[in-house]
Amino acid sequence: MDVPALVDHHCHSVVTAELDDDALAGLLTESDRPPAPGTSPFDSALGLAVRRWCPPALGLPAHTPAAEYLARRRELGAPEATRRLAAAGLDTCLVDTGLTGAAGHPLLPLDGFAEAAGARVREVVRLEPLAEAVLAPPGDWARAVREALAAAAAGAVAVKSVVAYRAGLAVPARRPSPAGVTAAAAARQRAGGGRLTDPVLLHELLHTALEVCAGLRLPLQLHTGFGDPDVTLHRADPSLLADFVRAAEPSGVPLVLLHGYPYHRQAAWLAQAFPLVYTDLGLTTSYVGPRAAAVLGEMLELAPFGKLLFSTDAYGLPELHLAGAAQFRHGLGTLLDGWRADGACTAADAERLARLVAADNARRLYAI
């Protein structure tokens, strides 16, 4: 079946600089290390997805070998290749602006990305870099962060946290004490600032985000599951968030669990058990390649149809927007065709489910 227009509720901008082959291939993996000798990121399920969906945009047949694909990309030049590949048929993109570069090159600003993608673009504010930039005496740190976040998020559609990378997802239900926050801020100041890793400050930041999001009526996105080598995977299991989710319920702030894999079933359970929890598969849909339909099916075993969202989490390469969108359309279409053939749902059921997951859930959640 055909999947309708897509709202990508979590992605990043792209690089338009000319990248050498190794730098480009390096953006086809979550690893920040060089590949093992004799291997290539193209030799992966994601690499297959890129070679399946992207060559036709450059005038090549699907499944063109990687070397020929890269040669054609160089021949066209990065600006033209970006223009062709970024046009992924996305209606709206909600862009996390917390990352500013990839492979040593800057990302397009929001207006440039909107033009390249041919999509409406709105901003998602990332918590941790914002807090790292706040300069205030330790006793004023919490207040200054709150004011900075309220100002930054006033024109955004959501706030996002990567606490999963910094301290894991076992976030206490109880907010840190003011004295504890001041002491932690003082210790961070003595250490020279830099990357925010202190659990006390990170947990204070999440509770501050709940307050700000409640006032602005914005969702709070949370990275869960796999990512680059900076994450300790078992600490990114979304089920660890259960205490924080319970504590967040009175705020009314929707909590959106991103990615999830390999804990996507836990994320689906949280979305079923708690009315404020929503979830997606994000970059998982691209990374699992031919298994996309199966993994989507695993998520929909428990996740309510009105709580699952589409995103690519594409970053740096426009190929990831195109492959992510195409892979999702194909995977969801294949899954729902199988359900219909098995008698699990009607054609009308399948069409409504596709509309919800592809765009309508995101439009409702983010009021766009």
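The values are calculated or read from the model by the stated rules, or taken from the named source; none is laboratory data. Everything quoted here is computed from the prediction, not taken from an experiment. Every residue, glycine as well, gets a Cβ built from its backbone with ideal geometry; the counts of neighbours run over all protein chains shown. For the accessible areas, the whole protein counts, side chains as well, though only heavy atoms, and no ligand, DNA or RNA atoms are used. Shrake-Rupley method; radii C 1.70, N 1.55, O 1.52, S 1.80 Å.
Residues in region 143-185 that are over 24 Å from the mean Cα position of the chain (by Cα), of a type in the set (Gly, Ala, Ser) and assigned to a loop (DSSP other than H, G, I, E, B): Ala173, Ser177. Residues that are outside any loop (DSSP other than H, G, I, E, B) and among the aromatic types (Phe, Trp, Tyr) do occur in region 256-271.
If you go through region 309-337 and pick out every residue that is open to solvent by less than 10 Å² (accessible area, probe 1.4 Å), assigned to a helix (DSSP H, G or I) and in contact with a helix residue (DSSP H, G or I) (Cβ under 8 Å, 6 or more places away or on another chain), you end up with 11. When every residue of region 344-362 is checked against the conditions, none turns out to be under 30 Å from Pro106 (Cα atoms) and in contact with a Cys (Cβ under 7 Å, 6 or more places away or on another chain).
Residue count for region 111-135, restricted to those that are within 26 Å of Leu90 (Cα to Cα) and more than 16 Å from the chain's Cα centre (by Cα): 10.
Quick check: anything in region 192-203 of a type in the set (Ser, Thr, Tyr), in contact with a Lys or Arg (Cβ under 9 Å, 6 or more places away or on another chain) and under 20 Å from Pro254 (Cα atoms)? No; the residues of region 192-203 include none that is of a type in the set (Ser, Thr, Tyr), in contact with a Lys or Arg (Cβ under 9 Å, 6 or more places away or on another chain) and under 20 Å from Pro254 (Cα atoms). Within region 284-305, not a single residue is open to solvent by 10 Å² or more (accessible area, probe 1.4 Å), more than 24 Å from Pro262 (Cβ to Cβ), out of contact with any Gly (no Cβ under 8 Å at 6 or more places or on another chain) and touching a residue at least 12 places away in the same chain (Cβ under 8 Å). Contact list please: Cβ distance under 8 Å, first residue in region 341-365 and at pLDDT below 95, second residue assigned to a helix (DSSP H, G or I) and among the hydrophobic types (A, V, I, L, M, F, W, C), pairs at least six apart or on different chains. Cβ pairs passing all conditions: none. Scanning region 222-244 for residues that are aliphatic (A, V, I, L, M), surrounded by fewer than 21 Cβ atoms within 10 Å (Cβ to Cβ) and assigned to a helix (DSSP H, G or I) gives Leu233, Leu240, Ala242. Which pairs have Cβ atoms under 7 Å, sit 6 or more apart or on different chains, and link a residue in region 98-114 that is under 22 Å from Glu128 (Cβ atoms) and modelled with pLDDT under 95 to one that is in a loop (DSSP other than H, G, I, E, B) and among the aromatic types (Phe, Trp, Tyr)? Once the first residue is under 22 Å from Glu128 (Cβ atoms) and modelled with pLDDT under 95 and sits in region 98-114, its partners that are in a loop (DSSP other than H, G, I, E, B) and among the aromatic types (Phe, Trp, Tyr) give Leu99/Tyr315; Ala102/Tyr315. Scan region 338-358 for residues that are small (Gly, Ala, Ser) and either in contact with a strand residue (DSSP E or B) (Cβ under 8 Å, 6 or more places away or on another chain) or outside any helix (DSSP H, G or I) (or both) and the total you get is 3.
Filtering region 114-124 to residues that are open to solvent by 10 Å² or more (accessible area, probe 1.4 Å) and among the β-branched types (Val, Ile, Thr) leaves only Val121.
Within region 33-47, the set of residues being touching a helix residue (DSSP H, G or I) at 6+ places or on another chain (Cβ under 8 Å) and either touching a residue at least 60 places away in the same chain (Cβ under 8 Å) or part of a helix (DSSP H, G or I) (or both) comprises Ser44, Ala45, Leu46, Gly47. I'm trying to understand the selection: among the residues of region 186-221, which are assigned to a helix (DSSP H, G or I), open to solvent by less than 50 Å² (accessible area, probe 1.4 Å), in contact (Cβ under 8 Å) with a residue 60 or more places away in the chain and not acidic (Asp, Glu)? Matches in region 186-221: Leu201, Leu202, Leu205, Leu206, Thr208, Ala209, Val212, Cys213. Within region 51-74, residues that are within 22 Å of Asp20 (Cβ to Cβ) sit with their Cβ atoms under 7 Å from residues that are among the basic types (Lys, Arg) and open to solvent by less than 70 Å² (accessible area, probe 1.4 Å), at 6+ positions apart or across chains, in these pairs: Leu58/Arg72; Leu58/Arg73; Leu60/Arg72; Thr64/Arg51; Ala66/Arg51; Tyr69/Arg51.
Which one of these is part of a helix (DSSP H, G or I) and hydrophobic (A, V, I, L, M, F, W, C): Val3, Val7, Val50? Write out each step before concluding.
Working: Val3 fails: part of a helix (DSSP H, G or I); Val7 fails: part of a helix (DSSP H, G or I).
Matching residue, one of Val3, Val7, Val50: Val50.
Checking region 37-44 against the condition returns no match, with no residue being open to solvent by 30 Å² or more (accessible area, probe 1.4 Å), within 20 Å of Ala116 (Cβ to Cβ) and under 21 Å from the mean Cα position of the chain (by Cα). Filtered by the rule that a residue be open to solvent by 10 Å² or more (accessible area, probe 1.4 Å) and either within 14 Å of Thr312 (Cβ to Cβ) or not in a helix (DSSP H, G or I) (or both), region 272-283 gives Phe274, Pro275, Leu276, Tyr278.
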